[in-house]
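Every read-out reported here was derived from the displayed coordinates using simple, explicitly stated rules and does not represent laboratory data. Because the structure is predicted, anything quoted here is derived from the model rather than measured. Because the Cβ atoms are built from the backbone with ideal geometry, glycine has one as well, and the counts that use them run over all protein chains shown.
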Amino acid sequence: MFTGIIQAVGHIKHLTEKGGEGSNSGARITVAGGGLDLSDVALGDSIACNGVCLTVVEKGPEHFGVDVSQETFSCTIGFAPGEAVNLEKALRASDRLGGHLVSGHVDGVGEVILFEPVGDSMRLDIRAPAGMARFLAAKGSVAVNGVSLTVNRVHGAEFSINLIPHTLEQTQLKDLKTGSRVNLEADMLARYAERLLAYTTTVDKD
């Protein structure tokens with residue numbers, strides 16, 4: 001479990017396909033920590049990389065390694081060598097919940113359709129997959145590449161966010177541009193609410 005408050009921006013150092021090139025076994029990825037404090041990270045711990053919850057399988061003083069399955073590659077982005085990644089260690093029970101509860105299970109990949117300055121901030125408009133539209137609400141929460149953000153406006157599957165200077169400085173969202181693809185995770189409360197309503201409707205019909 002995570003909060004969507006990014007602790008460091010690292011980058012992908014290496015990607016080695018398991019079983020050789022073209023294999024369907026996934027890959028081992030080495031991530032440079034970008035100053036992330038790894039002293040309290042043990043093998044088996046979770047770190048969110050661009051919003052994707054991954055398990056640490058090897059560790060050095062300034063880097064860590066994770067195994068990424070083909071299933072994860074098929075539904076997320078952000079693992080190309082050299083690419084910057086937002087990093088967050090798993091939430092502890094004693095930590096402040098500064099963002100919102102983020103599971104690290106990406107719901108889909110969206111596309112940036114607008115990224116432009118508005119005063120000192122940046123306006124970010126994203127087109128989400130159609131199936132995510134029902135989870136988006138004005139003043140609700142969404143995780144974009146693992147960053148906890150507040151939705152300002154929603155129109156169908158398109159939504160708008162305001163990025164303040166601090167968020168831009170502390171995350172790799174500053175590198176976005178029109179056409180960029182981003183990992184999206186809906187607020188888990190919205191998912192549970194949908195399931196509850198769907199279940200209640202089914203039971204009532206029975």
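Where the alpha-carbon atoms of the chain are placed on the principal axes, they occupy 51, 51, 41 Å, in descending order. Cross-link pairs exceeding 28 Å between alpha carbons, from the set Lys18/Lys177; Lys13/Lys139; Lys89/Lys139: Lys18/Lys177; Lys13/Lys139. Near Arg127: Cβ cut-off under 12 Å, other residues only, Lys/Arg at +1 and Asp/Glu at -1. The net charge is -2. Peptide packing for 44-51, 167-174, 127-134 was compared via the average number of neighbouring C-beta atoms within 10 Å per residue; ordered from the highest value, the list is 44-51, 167-174, 127-134. A straight Cα-to-Cα reach below 20 Å connects Lys59 with the aspartates and glutamates Glu17, Asp37, Asp40, Asp45, Asp67, Glu83, Glu88, residues fewer than 8 places away in its own chain not being considered.
Distance from the Cα centroid of the range 1-54 to that of the range 105-175 is 23 Å (rounded to whole angstrom).
When the Cα positions of Leu168, Val9, Cys53 are compared along the charge dipole of the chain, Leu168 comes out farthest toward the positive end, with charges on each C-beta of Lys, Arg, Asp and Glu.
Evaluated at q = 0.13, 0.17, 0.19, 0.25 Å⁻¹, a Debye calculation over the C-alpha positions of the range 108-194 (equal weights, vacuum) places log10 I(q)/I(0) at -0.36, -0.62, -0.78, -1.37.
Return the calculated 222 nm mean residue ellipticity for the chain, to the nearest 500 deg cm²/dmol, obtained by summing -39500 (n - 2.57) across DSSP H runs with n ≥ 4 and dividing by the residue count.
Values: 3 runs with 30 residues, N = 206.
Taken over the chain, the calculation gives -4500 deg cm²/dmol.
Each peptide in 6-14, 118-126 gets a packing score, the mean of other Cβ atoms within 10 Å over its residues, and the list from highest to lowest is 6-14, 118-126.
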